[in-house]
Amino acid sequence: MREFSPEYLTHTRRGLWADSRAALTPLSLEDRTRILDVGTGTGEFAQVLETESPGEIICLDIDPELLTIARSNAGLTPIIGDATQLPLKSDVVDLVTCQALLSNLPNPVTILRRFARVSSELVAAVEPDNAAVSVTSTVETEAEVERRAREAYIAGVRTDIALGDRLPTAFDKAGLDDVVRRRHYHRRTTEPPYDDTVLKAAARKAHGTALRDHHTELRRELSPDAYDTLRRDWRAMGRAVIDQIRNGTYRRAEIIPFDVVVGRVSSPQQ
Ligand SMILES: C[S@@+](CC[C@H](N)C(=O)[O-])C[C@H]1O[C@@H](n2cnc3c(N)ncnc32)[C@H](O)[C@@H]1O
């Protein structure tokens, strides 16, 4: 799995659940006594659970550095562990959750079966539909260049990062019952006055850093020439972003759809 920095997680989750939590209704958070959040990272989703539920929130992650940040929230109980071999007994919680985990791991159905052993009642997953991201920008080329990069990355990455509307099928295959799906939209906007995060993101674009970080996945899909063309267009777009930031005209909006899927644990799991 890709590694995630604390800065990346904090930045990309900012405001994700700020406007509406209606999509979380099927999790019946107010009725939960103990929740396990798997692949919790810095605890961005676990904090939402903690606010909405009277139950104990256990946070599990394979990365101790990220868990240290989750641990700083006094309401969370952190455990270092692997989602593929959960170190917990059957039925020890009444809800297992994950956010942006299944799309980053091979075999989401197998993972969901493990979740169903640990939960006495519900299993829920919140996953971005990366294939359906939309961007608008005052830099004319930004949406188109980002779309090319996103499509090549999705095609080249080894896991299903555009799980999206196939998530309910994964729940069905894992033997979960009464599967429901809700869509939640994360709208991220950039406008003046720009903070440090925006300035850093623009510099990264102009340097082509994100493309370099994902070179392996992109090159599985793109020829050397196509990759070089994308990188040239991407960096030119980044320079245009910096120019507009300098004169205070840069504006960008991105909408990332998230699927919230919830299923009920049925008869004892195999
Ligand atoms: C995209 S991040 C999502 C973090 C958090 N749920 C959020 O939405 O901000 C994926 C997380 O899964 C963790 N992870 C990856 N593989 C794992 C595994 N096998 N078991 C447990 N955690 C894992 C990573 O360390 C990372 O924190």
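Every read-out reported here was derived from the displayed coordinates using simple, explicitly stated rules and does not represent laboratory data. None of these values were measured; they are calculated from a predicted model. Cβ coordinates were reconstructed from backbone atoms using ideal geometry, including for glycine residues, and neighbour counts include every protein chain displayed.
Things worth noting here:
- Just checking the listed ones, A70, A202, A162: in the Gaussian network model of the chain with Cα springs under 10 Å, the one fluctuating most is A202.
- In this label model, D165 and D19 are separated by 2.1 nm, measuring between points 7 Å along each Cα→Cβ vector.
- Of the chymotrypsin sites (Phe, Trp or Tyr not before Pro) in the range 159-241, those whose Cβ has at most 16 other Cβ within 10 Å and which sit in DSSP loop: Y194
- Cβ-Cβ FRET estimate between A155 and A203, R0 fixed at 22 Å, reported to 0.05: 0.20
- Within the shell of other residues whose beta carbon sits under 10 angstrom from the beta carbon of I58, the net charge comes to -1, with Lys and Arg scored +1 and Asp and Glu -1.
- Only Cα pairs under 8 Å and 6+ residues apart enter the sum, and on that basis the relative contact order of the range 52-154 stands at 20 percent.
- GNM top mover of R14, R71, R147 - the chain, alpha-carbon springs below 10 Å: R14
- Length gained on full extension, A74 to N247: 58.0 nm, using 0.36 nm per residue less the C-alpha separation.
- Cβ-derived FRET efficiency at R0 25 Å, R181 paired with H214, nearest 0.05: 0.30
- Over the range 186-257, Cα pairs under 8 Å with separation of 6+ residues give a relative contact order of 61 percent.
- Oblate is the label for the range 138-178, because the ratio a/c of its alpha-carbon gyration tensor axes (a ≥ b ≥ c) is 1.5 or higher and a/b is not greater than b/c.
- Residue-span extension gain [E65 to D196] - 0.36 nm each, minus C-alpha spacing: 44.8 nm
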